[in-house]
Amino acid sequence: MADNGAPESRPASPGPPLARGNILYRRVALPIFALLRRGASPERLAWSIAVGLLIGINPALGTTTVLCFAVAILLRLNIAASQLANHIIYPLQLLLLVPFLQLGSRIFHTEPIPFSTHAMIDSARKDPVELIRRIWRWEWHAFLVWAVIAALLIPPIALALTPLLRRLSIRLQRSGNSTG
C-alpha cells in the first residue's frame with residue numbers, strides 16, 4: 001500500500017513469477033534482457049559475457065575491472081555485459097586463487113607457496129626482499145596458468161551462450177511485437 005492508502009502498482013516484468021523476486025533475475029537476467037532489447041547482438045553479448053567471466057577469475061586480485069574494461073574496448077565488446085559477468089563471478093575468483101597459485105608452482109617447478117602464517121612471517125623476517133620476489137613469481141606463474149586456461153575456455157563458453165542469447169533475443173522481440 002502506498003502512503004495515500006491506494007495499492008501500489010508494479011510494472012509487469014517478463015519471466016516466470018517465481019523468478020521475479022530472485023536477486024539473480026533482477027541483477028543478471030534483467031540487464032541482459034535490456035541489452036538485447038536495445039539491439040545488442042547475441043553473438044557480441046555472448047563473447048562479452050565469456051570474456052567477463054574468464055577475466056573475472058584471474059588470480060591477480062584487484063585487476064579484473066580494469067583488465068575487463070580494456071579487453072572489452074580492444075575487442076569492441078559490450079562493456080556493460082563484460083563488467084556484469086566480471087562482477088558476478090567475483091566469489092569464484094577468490095575460491096580459485098589458491099588452486100591457480102598451486103598449479104603455477106607445479107607447472108613452473110617453483111617451491112610451493114607456504115600457506116602457514118608462521119612460515120610467511122619467518123620468510124619475511126629472514127629476507128623480506130626475497131619473499132616479495134617469490135610472491136611476485138608465484139603470482140606471475142598463477143597468472144600465466146590462468147591466461148592459458150582463459151584463452152582455451154572463452155571460445156567454447158561464447159559459442160555455448162550464443163544460441164541461448166539468440167533464442168532469448170527472438171523471444172523478447174516477439175513479446176515486444178505482440179505488446180507494442
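Read-outs throughout are calculated quantities, based only on the coordinates presented, and are distinct from any laboratory measurement. What you see is a predicted model, and the numbers here were worked out from it, not measured in a lab. Counting neighbours? That spans all protein chains shown, and the Cβs are built from the backbone with ideal geometry, glycine included.
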Amide H partners (placed H, <5 Å) of ASN78, local residues excluded: SER48
Quick one: putting +1 on the C-beta of Lys and Arg, -1 on the C-beta of Asp and Glu, what dipole do you get for the chain around its Cα centre, in Debye to the nearest 20? 660
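Normalised by the residues of the chain, what does the relative contact order come to in percent, with Cα pairs under 8 Å and at least six apart?
The normalised contact order for the chain reaches 28 percent.
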Answer label for Cα extents along the principal axes in Å (calculated), chosen among (1) 70, 43, 25; (2) 106, 33, 30; (3) 68, 36, 35: (1)
